[in-house]
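Working notes for the structure below.
The values are calculated or read from the model by the stated rules, or taken from the named source; none is laboratory data. Everything numeric here is computed off the predicted structure, so don't read it as measured data. Cβ coordinates were reconstructed from backbone atoms using ideal geometry, including for glycine residues, and neighbour counts include every protein chain displayed. Each accessible area value is taken on the protein alone, full model and side chains, heavy atoms only, with ligands, DNA and RNA left out. Shrake-Rupley method; radii C 1.70, N 1.55, O 1.52, S 1.80 Å.
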Amino acid sequence: MIIAREGWSIVGVGAAVTVVLHWALGAAWAWPLWLVLFFVIQFFRDPPREISEAVGAIVSPAHGKVVAIARVRDPYLDRDALKVSIFMNVFSVHSNRIPMAGEIRGQWYHAGRFFNAALDKASRENERNALWVQTPTGEDIVVVQIAGLIARRISCDIKHGERVTTGQRYGFIKFGSRVDVYLPLEADIATRLGQWVLSGTDTIAYLRSR
């Protein structure tokens, strides 16, 4: 899909209103609406991705900037883990993708607050939805959608017990947000702070073969 389904109604209504006002009032009055429509379309764009097929690759679940790489305590599986955080601004592609193939073993939703998603406390305080993916070889990966300062809706199409594939599209966050990924300590990080990554295409880490 060129436009994410989460934006179909918004883009459709916006286009209809803009065209009608352009016809009724002329271009001089309608051009600001055309600019707004252009912004809305670019926000809801959802281009296809070339998914990495490298052995052991954990792909980026989000399109944005890597703002944190740290050893932390995973609050969902109560374990020591490596956390990679990716911040999406309003110009990012906001559809989210599964970082590695496996089975959904758990899901948690927390109706929290709406701090700036670039801040570390967003991981603890903001509205968020977490998925636990267990790979076929038994490794555990947790991917967390986190709402941002003006984001007010997290969409997740995956449920407990489903089998998922690497790079599979599974959700969307509107208007600026963040995704955290909790990885096993044995994972080899393949990204760096400040790097911009493409969802599904770029690899953020590798799992070592057992």
Got a sec to turn the phi values of region 51-58 into Karplus ³J(HN,Hα) couplings, 6.51 cos²θ - 1.76 cosθ + 1.60 with θ = phi - 60°, whole Hz, x for Gly and Pro? 7, 5, 10, 5, 4, x, 6, 9
Dipole magnitude of the chain, debye to nearest 20 (Cβ charges: Lys/Arg +1, Asp/Glu -1, about Cα centre): 360
Percent accessible area from carbon and sulfur atoms, the chain, protein chains only, probe 1.4 Å: 61
Residues residue 196 and residue 35, FRET efficiency given R0 of 30 Å [Cβ-Cβ distance, rounded to 0.05]: 0.75
If you put +1 on each Lys and Arg Cβ and -1 on each Asp and Glu Cβ, how big is the dipole of region 67-107 around its Cα centre, in Debye rounded to 20? 60
Whichever aspartates and glutamates have a C-alpha closer than 19 Å to that of residue 83, once near sequence neighbours (fewer than 8 apart) are set aside: 74, 120, 125, 127, 139, 140, 180, 186, 188, 202
Length gained, residue 188-residue 27, 0.36 nm per residue minus C-alpha separation, equals 52.5 nm
Taking the Cα atoms only, what angle lies between the long axis of helix 27-43 and the longest principal axis of the chain, rounded to 10 degrees? 10
Working from the pairwise distances between different alpha carbons, so that the mean of 1/r is found and then inverted, what is region 1-67's Kirkwood radius in Å? 14.5
Cα radius of gyration and Dmax for region 1-116 (Å): 19.6, 62
At 0.36 nm per residue, minus the direct Cα-Cα distance, what do residue 159 and residue 51 gain on full extension? Give it in nm, one decimal, please. 36.7 nm
Give the whole-number value, in cubic angstrom per residue, of the convex hull volume spanned by the C-alpha atoms of the chain. 117
Selection from 136, 44, 13 lying farthest towards where the dipole of the chain points positive, charges on Cβ: 13
Tilt relative to the chain, helix 8-25 - C-alpha long axis, 0 to 90 degrees, to 10: 20
Arrange the peptides 96-102, 65-71 so that the one whose residues have, on average, the most other Cβ atoms within 10 Å appears first. 96-102, 65-71
